[in-house]
Amino acid sequence: MKEIEVTKQKNKFPEKKGREEISIDFDGVIMDLFMGRTWVFSETATSPVGHTALRDIRDRISSLVAHIFRKSTAAMQPSLQSMSRRFELYLLTSRRSVTRGITLKWLNQRHVLKLFKSCYFREGNISPVEHKMRIIRSMGFDYHIDDSLKVIDMMSREFPKVRFIHFCTDGQTLSRQNVITVGSWKEITELFSL
Ligand SMILES: [Mg+2]
């Protein structure tokens with residue numbers, strides 16, 4: 001009979017040699033929600049053929065309007081600065097690529113765009129979760145930070161070796177070996193002793 005080795009993981013993130021890579025969601029993690037919502041049509045997975053141009057205009061306008069009301073999450077800028085000294089940072093958002101310009105401009109105005117090695121936006125008609133899964137599968141990031149419980153739930157099952165940080169704003173949490181729940185950027189920097 002074959003012996004199965006069981007490795008018991010502790011609920012903390014061990015430090016790895018070399019520069020670790022971390023992908024970070026945008027809405028709800030870097031940019032705060034407004035009245036609990038993004039006010040951006042980032043969840044639209046599909047649209048009837050022929051309406052792409054209209055959808056693009058709608059997404060651009062909704063992003064621009066949303067940006068008027070929404071601010072950075074507390075301590076986002078200094079935290080990203082500290083994190084960039086230890087990690088390679090990647091932006092991984094389910095926002096569609098038509099909002100790339102608006103989003104990057106916002107990041108640049110807050111002096112954090114330069115901290116990201118690459119920024120991944122959603123192309124085509126794949127779902128937000130599938131988009132994030134594709135990028136994580138191909139890039140093999142060490143960590144991902146996201147405020148969506150659905151995203152954290154699905155991805156932490158799919159990628160047991162990736163460590164997930166759930167940026168929890170609504171009190172709904174998930175208990176899993178590769179998930180740690182935080183409520184702020186301060187807690188993230190404390191988690192990594194930055
Ligand atoms: Mg989000």
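The values are calculated or read from the model by the stated rules, or taken from the named source; none is laboratory data. What you see is a predicted model; the values in this text were computed from it and never measured. Positions of Cβ are generated from backbone atoms using ideal geometry, with glycine treated the same way; all protein chains shown enter the neighbour counts.
Does the stretch 75-99 hold any residues that are within 16 Å of the ligand (Cβ to nearest atom), modelled with pLDDT of 95 or more and in contact with a Ser or Thr (Cβ under 6 Å, 6 or more places away or on another chain), and which are they?
Tyr90, Leu92
Could you run through the stretch 118-132 and say how many residues are touching a Leu at 6+ places or on another chain (Cβ under 8 Å), crowded, with 17+ Cβ neighbours inside 10 Å and part of a strand (DSSP E or B)? Reasoning before the result, please.
First, the residues of the stretch 118-132 that are touching a Leu at 6+ places or on another chain (Cβ under 8 Å): 118-120, 132.
Checking which are crowded, with 17+ Cβ neighbours inside 10 Å leaves us with 119-120, 132.
Now drop any that are not part of a strand (DSSP E or B), which leaves 119-120.
Going through the stretch 118-132 one residue at a time, the tally reaches 2.
Report yes if some residue within the stretch 158-172 is touching a strand residue (DSSP E or B) at 6+ places or on another chain (Cβ under 8 Å), on the phi < 0 side of the Ramachandran plot and in a helix (DSSP H, G or I); otherwise report no. Lay out the reasoning, then the answer.
As a first pass, look at the stretch 158-172 and keep what is touching a strand residue (DSSP E or B) at 6+ places or on another chain (Cβ under 8 Å): 162-168.
Filter again for on the phi < 0 side of the Ramachandran plot, leaving 162-168.
Checking the rest, the ones that are also in a helix (DSSP H, G or I) come to none.
No.
Hey, any hits in the stretch 159-175 for a residue that's surrounded by fewer than 21 Cβ atoms within 10 Å (Cβ to Cβ) and closer than 29 Å to Ile61 by Cβ?
Checked against the condition, which is being surrounded by fewer than 21 Cβ atoms within 10 Å (Cβ to Cβ) and closer than 29 Å to Ile61 by Cβ, the stretch 159-175 yields at least one hit.
Counting only residues that are more than 22 Å from Thr93 (Cβ to Cβ) and part of a helix (DSSP H, G or I), which one in the stretch 173-194 is farthest from the ligand (Cβ to nearest atom)? It would help to see each step written out before you state the result.
Step one: list which residues in the stretch 173-194 are more than 22 Å from Thr93 (Cβ to Cβ), which gives 173, 175-177, 186, 190, 193-194.
When the remaining residues are screened for being part of a helix (DSSP H, G or I), the result is 186, 190.
Numbers: Lys186: 19, Glu190: 21 Å.
Filtering first and then ranking leaves Glu190.
In the set Ser42, Ser72, which member is small (Gly, Ala, Ser), modelled with pLDDT of 70 or more and surrounded by 15 or more Cβ atoms within 10 Å (Cβ to Cβ)? Lay out the reasoning, then the answer.
Details: Ser42 fails: modelled with pLDDT of 70 or more.
Unique residue meeting the criteria: Ser72.
Test of understanding: among Ile152, Ile135, Ile102, which residue is away from the ligand (no atom under 13 Å from the Cβ), within 15 Å of Ser23 (Cβ to Cβ) and in a helix (DSSP H, G or I)? Explain how you work it out, then say what you get.
Values: Ile152 fails: away from the ligand (no atom under 13 Å from the Cβ); Ile102 fails: within 15 Å of Ser23 (Cβ to Cβ).
Only one candidate passes the filter, namely Ile135.
Restricting to the stretch 162-172, name every residue that is away from the ligand (no atom under 16 Å from the Cβ), touching a residue at least 40 places away in the same chain (Cβ under 8 Å) and hydrophobic (A, V, I, L, M, F, W, C).
none
Against the conditions (1) touching a residue at least 40 places away in the same chain (Cβ under 8 Å); (2) within 16 Å of the ligand (Cβ to nearest atom), where does Val112 fall short? Just the number, please.
(2)
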